Amino acid sequence: MKPQDWSKHRASERYVEEQPREGRYSMALAYANSYHVGMSSLGFQRVWDLVQKREGWLCERFFCDGEGPPRSVEGSSPMGAFGCLSFSVSFEEDYVNLLAMLSRAGIPLRRDERGKDHPLVLVGGSCAMINPLPMAEFVDVFALGAAENVLPPLLLALEEESSKEAVLRRLAEEPGFFVAGCHRPEEDPAMEKLSKLELSAEQMRQPGFLPTSAIITPHTEFSDKFLIEMSRGCPEKCRYCWATFGMGAFRWHPTDAILSSLERARAVTDQLGFVATAVGDHPDIEMILDQACAQGFRTSVSSIRIPAVTEGILGSLHRSGDRSITLAPETGSDELRAKMGKPVTNRMLLEKIQLIFATGFTHLKLYFIIGQPEETTEDVLAIAQLAAEARRVMLVEARRSGVVGHIHLGTNILIPKPYTPWQREPFGDTRSLRAKISLLRRELAKLPNVSMGPVSIRQARWQAYITRAGSDAADALEAAAGGESVASVLRRFAPSIDAEIQSRKSDRLRWHFMRAG
């Protein structure tokens, strides 16, 4: 098998700041997905940047593309050559990729089978804070919190301790770390709860703190864009969403810090991407977009909450060249939307859609969720009816502009996530979900210029399981990492998977060994 060749990717990368070339210490930072996906993650880039900026340290990136032993982008180094191998994991499905990368590198999957000469394997990112237990048989230590808070004690321990075992013992005593070999919450329900170290509003106001892209590349979802984090948390309290309950209260970065970052972007690109759970809720969003547009930048936003859509925001984005926008109504009926904790009516949504197309946008993406508690067939039909109304609004504006746009529905199945109000709810019945998805597809097929993305009940079942399971999920994960299909794994482990996801949980929730925030 050919080794990974990153030469083309390296040739197209532009560093925002000059990088150190030597260091006493080094860390392998891996994203358990492709380069395209991993380098689209501002969180992944933030970790790399923070390690690089620590005196004496170098950080080398790994991704799962290709075959053969994984090699780093920076120096073509093997994964096993590092003392610490840190994975950033945002999506539970990437657990399988993580294990496959370890296997390709010749590193034993189970932590109890690795020796002192193997790297310490760490996992951070949102999955570590949601429920780390499904990966506890494989991972030495989980970082529970923002990189800015967990990296300093981690790097200090790696600098000062002489062995992997000593590092783990030290981190087990530090807030913000779950060390699977020391903390055993499944065996000791009375174990003292572990802290998560999220960012405070005070930290976000500190000079030089703002997370932005460290590397610009065309090979990402945000091609050649300089990403800027606008805020953390969300002002809404949607009952399905981990971010709004797991990331703390809504807080935003200072406007002057955001505007100052544009000078660093100018040297490497003329494109900006403003990212956050609630980009449009930054109090100065219109002024920031206007300033960026006035300075010649093309701007885009990751998504905007429906109440935050304004004429000013849309005008600035349109003037900068953006023609696509994403909203998340989640369902088609006001009643079900109210039950999920989202204070938005169809009337408000359609008013915002009219404003979007009147401003000159031509592509609208709407996110919906199937399988919510108390959802009926009428609620599913309401999604198609809402799409038809949105299309009617689009066509009215098209008569004025002469340009017919497109509406795309991104439809997902509800995954009851830990730490949300729906964490005890069961995953939807497969037969019912299949009928609802088929009904929605049939209705949407009647609407020209409206499309619907793929929906996989199988993948949703798999994600629901590995989101909520305990360490007993290790065998199923290892089978998937070894090449067994998800369909086969779901069949083979059906009794344990169904027991985990198909009934409402009334007893103690295993992930509550971590404090909620």
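If the segment from SER438 to LYS505 were pulled out straight at 0.36 nm per residue, it would be longer than the present Cα-Cα gap by 21.2 nm.
Farthest toward the positive end of the dipole of the chain, out of LEU433, MET340, CYS182, is the Cα of LEU433, where the dipole comes from beta carbon charges about the Cα centre.
Ligands, DNA and RNA excluded, the heavy atoms of GLU263 present near 120 Å² of accessible surface to a 1.4 Å solvent probe.
The HN-Hα couplings worked out from phi for the range 69-79 by the Karplus form 6.51 cos²θ - 1.76 cosθ + 1.60 (θ = phi - 60°) are x, x, 10, 6, 5, 5, x, 6, 7, x, 4 Hz, whole numbers, x standing for Gly and Pro.
Helical runs assigned H by DSSP (4 residues or longer) give the chain a calculated mean residue ellipticity at 222 nm of -11000 deg cm²/dmol, each run adding -39500 (n - 2.57) before division by the residue total. Rounded to the nearest 0.05, the FRET efficiency derived from the C-beta distance between MET348 and ARG491 at R0 = 45 Å is 0.50. Would the range 313-419 count as rounded, prolate or oblate if I go by the C-alpha gyration tensor, calling it rounded below 1.5 in a/c and otherwise prolate when a/b exceeds b/c, oblate otherwise? Verdict is prolate for the range 313-419. Cross-link partners for LYS365 among the lysines, with Cα-Cα distance under 22 Å and sequence neighbours closer than 8 places in the same chain left out: LYS225, LYS237, LYS342, LYS352, LYS436, LYS446. Simple point charges give the picture: +1 on the Cβ of Lys and Arg, -1 on the Cβ of Asp and Glu, and for the range 25-180 a dipole about the Cα centre of about 120 debye. Stokes-Einstein diffusion of the range 442-512 at 10 °C, 1.306 mPa s viscosity, Kirkwood radius from Cα pairs, rounded to a whole number: 111 µm²/s. Considering only DSSP beta bridges whose two residues both sit in the chain, what percent are antiparallel, to the nearest 5? Here the share of antiparallel DSSP bridges comes out near 15 percent. Two decimals is fine: what is log10 I(q)/I(0) at q = 0.12 Å⁻¹ for the range 146-266, from a Debye sum with one equal scatterer on every Cα and no solvent? Each listed q corresponds, in turn, to -0.68.
Label separation (ASP188 vs ASP429): 4.3 nm, computed from points 7 Å beyond Cα along the C-beta direction.
In this structure the amide hydrogen of LEU194, modeled in the peptide plane, comes within under 5 Å of the amide hydrogens of MET514, ARG515, none closer than 5 places in sequence on its chain.
The three principal axes of the C-alpha atoms in the chain carry coordinate ranges of 70, 56, 47 Å, sorted with the longest axis first.
Summarising the strand pairing of the range 1-154, around 5 percent of its internal DSSP beta bridges are antiparallel. Checking Cβ-Cβ separations below 4.7 Å across the chain identifies CYS59, CYS64, CYS84, CYS127, CYS182, CYS234, CYS293 as cysteines lacking any candidate disulfide partner.
Scanning the chain for DSSP H helices at least 30 Å long along the axis (C-alpha atoms) with a Kyte-Doolittle mean no lower than -0.5 picks out 377-401.
Label separation (GLU389 vs ASP498): 4.0 nm, computed from points 7 Å beyond Cα along the C-beta direction. Size check on the range 218-365: the Cα extents along the three principal axes, sorted descending, read 49, 35, 30 Å. Simple rule: put +1 on each Lys or Arg Cβ and -1 on each Asp or Glu Cβ in the chain, find the dipole, and look at SER77, MET514, CYS293; the Cα lying farthest toward the positive end is CYS293. Put a plus charge on the Cβ of each Lys and Arg, a minus charge on the Cβ of each Asp and Glu, and nothing anywhere else: the dipole of the range 201-318 about its Cα centre is then about 340 debye. Rounded to the nearest 20 debye, the dipole size of the range 449-517 about its Cα centre is 320 debye, using +1 on the Cβ of Lys and Arg and -1 on the Cβ of Asp and Glu.
For the pair ARG266 and ALA294 in one chain, pulling the backbone fully straight at 0.36 nm per residue adds 8.8 nm over the alpha carbon distance. How would the range 62-133 be classified by its alpha-carbon gyration tensor: rounded, prolate or oblate, with rounded meaning a/c under 1.5 and the a/b versus b/c comparison settling the rest? Cα axes put the range 62-133 in the oblate bin. Using the alpha carbons alone, the radius of gyration of the range 333-483 stands to its Kirkwood radius in an Rg to Rh ratio of 1.05.
Among rounded, prolate and oblate, which fits the range 146-213 when a ≥ b ≥ c are the square roots of the eigenvalues of its C-alpha gyration tensor, a/c under 1.5 means rounded, and a/b larger than b/c means prolate? It is oblate, given that a/c is not under 1.5 and a/b is not larger than b/c.
The values are calculated or read from the model by the stated rules, or taken from the named source; none is laboratory data. Since this is a predicted model, take the numbers as computed values, not measurements. Positions of Cβ are generated from backbone atoms using ideal geometry, with glycine treated the same way; all protein chains shown enter the neighbour counts. Just so you know, the surface numbers come from the protein's heavy atoms only, side chains and all, with ligands and any DNA or RNA stripped out. Shrake-Rupley method; radii C 1.70, N 1.55, O 1.52, S 1.80 Å.
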